[in-house]
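Please treat every number below as a calculation from the coordinates, not as lab data. From a predicted model like this one, the values you see are computed outputs, not experimental measurements. Ideal geometry is used to build each Cβ from the backbone, glycine not excepted, and the neighbour counts take in all protein chains shown.
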Amino acid sequence: GHAHRVFSGVQPTGNLHLGNYLGAVKRFVEMQGRGAETLYCVVDLHAITVPQKPAELRGAIRELTAAFLACGLDPERSIIFNQSQVPAHAELAWLFNCVARIGWLNRMTQFKEKAGKDREGASVGLYAYPVLMAADILVYKATHVPVGEDQKQHLELARDIAAKFNLDFEAPDYFPQPEPMIEGPATRVMSLRDGTKKMSKSDPSDLSRINLTDDADAIALKIRKAQTDPEPLPETVDGLAGRPGADNLVGVYAALTDRTKADVVAEWAGKPFSAFKPALADLAVQKVAPIAGRMRDLLADPGHIDAVLANGAERASAIAEPVARGAYDLAGL
Ligand code: ADP
Ligand code: NA
């Protein structure tokens, strides 16, 4: 067996953006073949916590799978699958709904953001979403979870649920404490239009985010228009403090080149953003634009994508079913 097991998921809800790529999928790719077992999931059960059109959802599941593959996830080295094909996620989630406390969920800030003003009109699923996420992770007894900064609170909840389950059912080591891996210069990529908001697919401004399907012209335009201040790049990385637009672009540059922000600042110290932005645009085009081409090729053969998901679901179920069964046994079910 493996000492470490890595799990993470992404929702099939429209285009992946640069934040999803740098904060999550690029890091998923890097974790392959480092001795840990890696499982990457298209979390379609999370997508339906808000209304979806069934035919579009079906397409979005294939598109995200194609994006995973186009970014470099490899079915030979990772288990790539969609959540709804592995019933153990939902089974364990129900048990966890009875372990988690309402007070714990009331503290989740993402629910407040996603539910907006009409909290009474949100689905029960949207509220319980972090409990399902805990089940996604723990049904594999995953030890490491690469995610963006926005998922930190949900990971803490998963740890609390694991601990309470183990305590309630007197099984001290049944579920491990999963470690969030929130690392690197791009754990929170910000909107290109407003440095106080994270880059998000729900932002109404198209200029706020770079989508993985953007062409070279769109990528270059969005970087040219990205919000910065009139100052040049600072002499040291500390000089990025209080300059959200500048800090964001340096972080993106660093993540795209696998360097630290300090390295990037050292190279560009004192140079103006009018010089930095075209270099960043070239870099982003070089790294991001080929992904869309590979996605298109993959989507031309939906049968292949479905086969990848079916094979992944079979391998995922082989791990998840006994873990869920064991949890039910402990609970007397
Ligand atoms: P979204 O947050 O865009 O709705 P998901 O919830 O499916 O997308 O998130 C997929 C992954 O992308 C998660 O690990 C999340 O933390 C990460 N992520 C989302 N937005 C950003 C961002 N702006 N910067 C860094 N990582 C992000
Ligand atoms: Na998110």
Checking rank on 315-324, 274-283, with mean other Cβ inside 10 Å and highest first, the result is 315-324, 274-283
Under 5 Å from the placed amide H of MET181, counting only residues 5+ away or on other chains, we find VAL145, VAL147
Helix 244-256 versus the longest principal axis of the chain: what is the Cα-based angle in degrees, 0 to 90, to the nearest 10?
70 degrees
P(r) of the chain over all Cα-Cα pairs, 20 Å bins starting at 0, rounded to whole percent, reads 30, 56, 13, 0
Given labels modelled 7 Å from the Cα in the Cβ direction, how far is it in nm from ALA163 to LYS114?
2.4 nm
Given LYS152/LYS225; LYS201/LYS271; LYS141/LYS198; LYS117/LYS197; LYS201/LYS225, which pairs have Cα atoms separated by over 27 Å?
LYS152/LYS225; LYS201/LYS271; LYS141/LYS198
Could you tally the net charge around SER202, taking each other residue with its Cβ under 13 Å from the Cβ of SER202, Lys/Arg +1 and Asp/Glu -1?
+1
Given the Cα atoms of the range 37-180, and with Rh set as the inverse mean 1/r over their pairs in the Kirkwood sense, what is Rg to Rh to two decimals?
0.97
Among 302-311, 149-158, 133-142, the order from most to least packed when residues are scored by Cβ within 10 Å on average:
133-142, 149-158, 302-311
Report the FRET efficiency, 1/(1 + (r/R0)^6), for ASP301 and ILE48, where r is their Cβ-Cβ distance and R0 is 22 Å, rounded to 0.05.
0.25
Compute the distance from the alpha-carbon center of the range 106-177 to that of the range 199-228, in whole Å.
31 Å
Rounded to the nearest angstrom and ordered from largest down, what semi-axes does the equivalent ellipsoid of the range 206-296 get from its C-alpha gyration tensor (root of 5λ)?
24, 14, 10
Part-to-part distance (alpha-carbon centres) for the range 67-99 and the range 243-307, which is given in Å:
27 Å
Against the longest principal axis of the chain, how steep is helix 124-138, in degrees 0 to 90 to the nearest 10, with axes from Cα atoms?
80 degrees
Counting other C-beta atoms within 10 Å, and keeping those with at most 16, which DSSP coil GluC sites (Glu not before Pro) do you find in the range 182-277?
GLU183, GLU235
Once you list every other residue whose beta carbon is under 10 Å from the beta carbon of ALA100, what net charge do they have if Lys and Arg are +1 and Asp and Glu are -1?
+1
